[in-house]
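Notes follow once the structure below has been shown.
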Amino acid sequence: AQLFGYATQAEPGILEGIARGDFSPYIEWASANVHAFASYYSTAELVEKTTGKPLGTEAFKLHLERRYDGDPFA
């Protein structure tokens, strides 16, 4: 959730693409920013290097709130 939240802020076209069924903007972002470094860092290190924040629960809680209480794409 933390990586996806950061990705959608960094590349606003990701959510638009997903809404159309096109996951390529997210896959391209993840390939360049996550997959390319996944074998070099632990999960926690990779999340912090990518998002600038330590691995935490806030992004997941926000995702759940949006999903069940409001607009999942807000």
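The values are calculated or read from the model by the stated rules, or taken from the named source; none is laboratory data. Remember, it's a predicted structure, so these values are computed and weren't measured experimentally. Ideal geometry is used to build each Cβ from the backbone, glycine not excepted, and the neighbour counts take in all protein chains shown. Just so you know, the surface numbers come from the protein's heavy atoms only, side chains and all, with ligands and any DNA or RNA stripped out. Shrake-Rupley method; radii C 1.70, N 1.55, O 1.52, S 1.80 Å.
Quick check on the stretch 3-14. Is at least one of its residues closer than 21 Å to PHE60 by Cα, modelled with pLDDT of 95 or more, in contact with a Lys or Arg (Cβ under 9 Å, 6 or more places away or on another chain) and open to solvent by 70 Å² or more (accessible area, probe 1.4 Å)? Yes. Can you confirm whether LYS53 is outside any loop (DSSP other than H, G, I, E, B), among the basic types (Lys, Arg), out of contact with any Pro (no Cβ under 6 Å at 6 or more places or on another chain) and loosely packed, with under 15 Cβ neighbours inside 10 Å? No: the conditions fail for LYS53. Of everything in the stretch 33-50 that is closer than 13 Å to LEU3 by Cβ and part of a loop (DSSP other than H, G, I, E, B), the residue that is modelled with the lowest pLDDT is ALA38. The set of residues in the stretch 19-44 that are open to solvent by 90 Å² or more (accessible area, probe 1.4 Å) and among the charged types (D, E, K, R) comprises ARG20, GLU28. Pairs are defined by a Cβ separation below 6 Å, a sequence spacing of at least 6 or placement on different chains, a first member in the stretch 16-42 that is among the hydrophobic types (A, V, I, L, M, F, W, C), and a second member that is open to solvent by 60 Å² or more (accessible area, probe 1.4 Å); the pairs so defined are TRP29/GLU11.
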